[in-house]
Amino acid sequence: MEKKVNRIAVLTSGGDAPGMNAAVRAVVRTGIYYGLEVYGVMRGYQGLLDEDIFKMESRSVANIIQRGGTILKTARCLEFHKPEGRKKAYENLKKRGIDGMVVIGGDGSFRGATLLSQEFDIPVIGLAGTIDKDIAGTDFTIGFDTAVNTAVEAIDKIRDTADAHDRLFIVEVMGRDAGYIAIYSGISTGAGNILVPERKTDMDEVIASLQERENRKKLVNIIVVAEGDEFGGANEVARVVKKRLPHLDTRVCILGHIQRGGSPSALDRLIASRMGYHAVECLLEGRHNVFVGILNNRLNYVPLDTIGKSKGKIGGEWLKLMKVLTG
Ligand code: F6P
């Protein structure tokens, strides 16, 4: 294998996602396996600006594969959005002879990575680390599976208390402007309605389905709402339901950041390991400025500058499934 880089850096950026540590571990161990020096950057792009950069050894990533969060910490860095910020970041990398970088984060982090790779001669490889799964070109993003499992576990618990009190629960899940967590967790928990940004929410339809479920004395009533649903999230849905069906005993539960934490699932550990390994291979093989996705169980290398133009879209099949299986 032709070696074109000698020193690489790895950072995690944007919202943390379970499995980021497994990805960092894979990058470090693969880099060392191929004789590279590997540097960790703390707090994402902010650490590049603050020169919070340190050399990593194999043991630096011992005992982290099972841990949530990110040992490199993460941040959303406004200064990096400015050209002067990126210049400073590049200079700090060059000062240390770092000639390749792996960025683990979501689409916002990839936009920063794209600009850096376009403006300066530093190859960058992206790994999709986000619980939202809102990136086109990959069937998986690191953290999504764990977040869905966390939401499912929580909704199963809500089901117990909903059943005990004959209450309607409106549960809000994360996902930013994508409805994947809502669809996957809603279908997995047998929710009565699943409201997502990808399908216009019709409150008349929701009210009618609640009435229909009441008529047939359905035992448990759960609505899963994506936080990005254009109708306005769980509180807004509850406001309308309480007004139109005041006799229902309605409660709201916003799952929030618990969906970002916890030990990563086996799937997240595996895809993070696989993607991390291939990120280093990309740098070594000269396949630069791409993000490493997995599509139909094959590696898929997507040019960084095409990200963001096409957000991951929920296919018609999922929307149909949602329609048929809810209620
Ligand atoms: O992108 C991951 C995510 O958890 C989204 O689902 C959510 O909208 C957002 O980050 C929350 O961001 P913050 O942690 O900055 O409040």
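Report in % the part of the accessible area of segment 145-260 that belongs to carbon and sulfur, leaving out ligands and nucleic acids; probe 1.4 Å.
Of the solvent-accessible surface of segment 145-260, carbon and sulfur hold 48 percent.
Proximity of backbone amide H atoms, modeled 1.01 Å from N, is registered between Ile254 and Glu172 at under 5 Å, excluding neighbours fewer than 5 places apart on the same chain. Residues Phe120, Phe291, ordered by accessible area of protein heavy atoms at a 1.4 angstrom probe radius and largest first, appear as Phe120, Phe291. Count Lys and Arg as plus one, Asp and Glu as minus one, and take only other residues whose Cβ is under 15 Å from that of Gly69; the net charge is then +4. Relative to the longest principal axis of the Cα atoms of the chain, helix 203-215 runs at roughly 50 degrees.
The magnitude of the dipole of the chain, with charges of +1 and -1 set on the Cβ of Lys/Arg and Asp/Glu and taken from the Cα centre, is near 300 debye. Only helices enter this figure: runs of n ≥ 4 DSSP H residues, each worth -39500 (n - 2.57), summed and divided by the residues of the chain, yield -12500 deg cm²/dmol at 222 nm to the nearest 500. The 3J(HN,Hα) values that the Karplus relation (6.51, -1.76, 1.60; θ = phi - 60°) gives for segment 105-116 are, in residue order, x, x, 5, x, 5, 5, 4, x, 5, 4, 4, 4 Hz. Gly and Pro appear as x. Summary value for the chain: 24 percent relative contact order, contacts being C-alpha pairs under 8 angstrom separated by 6+ residues.
Does anyone have the angle between helix 233-244 and the longest principal axis of the chain? Alpha-carbon axes, 0 to 90°, nearest 10? Tilt relative to the chain: about 10 degrees. Multiplying the residue separation of Gln211 and Asn63 by 0.36 nm and removing their Cα-Cα distance gives an extension gain of 48.1 nm. Amide H to amide H, with H built 1.01 Å from N, Gly68 comes under 5 Å of Gly262, Ser263, counting only residues 5 or more places away or on other chains. By a 1.4 Å probe calculation restricted to protein chains, Ser188 has an accessible surface near 80 Å², given to the nearest 10. Taken over the chain, the ratio of Cα radius of gyration to 2.2 N^0.38 Å equals 1.09. Entry note, segment 114-171: relative contact order of 18 percent, from Cα contacts under 8 Å with a spacing of 6+ residues. Solvent exposure of the chain amounts to 43 Å² per residue of accessible area, where only protein heavy atoms count and the probe is 1.4 Å. Based on alpha-carbon centroids, what's the gap between segment 31-53 and segment 66-91 in Å, whole number please? Cα centres, segment 31-53 to segment 66-91: 11 Å. Within the shell defined by Cβ-Cβ distances under 13 Å, the residues around Val292 carry a net charge of 0, with Lys and Arg each +1 and Asp and Glu each -1. If I build a Gaussian network model for the chain, linking alpha-carbon pairs within less than 10 angstrom, which residue out of Met42, Met174, Met203 has the largest mean-square fluctuation? Top of the fluctuation ranking is Met203. In percent, rounded to a whole number, the relative contact order of segment 10-103 is 39, using alpha-carbon pairs under 8 Å and six or more apart.
Could you look at segment 42-106 and say what percent of its accessible area is carbon and sulfur, using a 1.4 Å probe and all protein chains? That share works out to 50 percent. Between 0 and 90 degrees, the angle of helix 144-165 with respect to the longest Cα principal axis of the chain falls at about 20 degrees. Annotation for segment 1-89: trypsin sites (Lys or Arg not before Pro) lying in DSSP loop with at most 14 further Cβ atoms inside 10 Å of their Cβ are Lys3, Lys4. For segment 132-272, the mean projected area of the C-alpha convex hull, equal to one quarter of the hull surface, is 8.3 nm². Would you be so kind as to identify which of Ala238, Val196, Ala226 lies farthest towards the positive end of the dipole of segment 145-260, taking Lys and Arg as +1 and Asp and Glu as -1 on Cβ and the Cα centre as origin? Final value for the positive-end residue is Ala238.
The values are calculated or read from the model by the stated rules, or taken from the named source; none is laboratory data. These numbers come from a predicted model, not from an experiment. Using ideal geometry, Cβ is built from the backbone for each residue, glycine included, and neighbour counts are taken over all protein chains shown. In case anyone asks, the SASA skips ligands and DNA or RNA and just uses the protein heavy atoms, side chains included. Shrake-Rupley method; radii C 1.70, N 1.55, O 1.52, S 1.80 Å.
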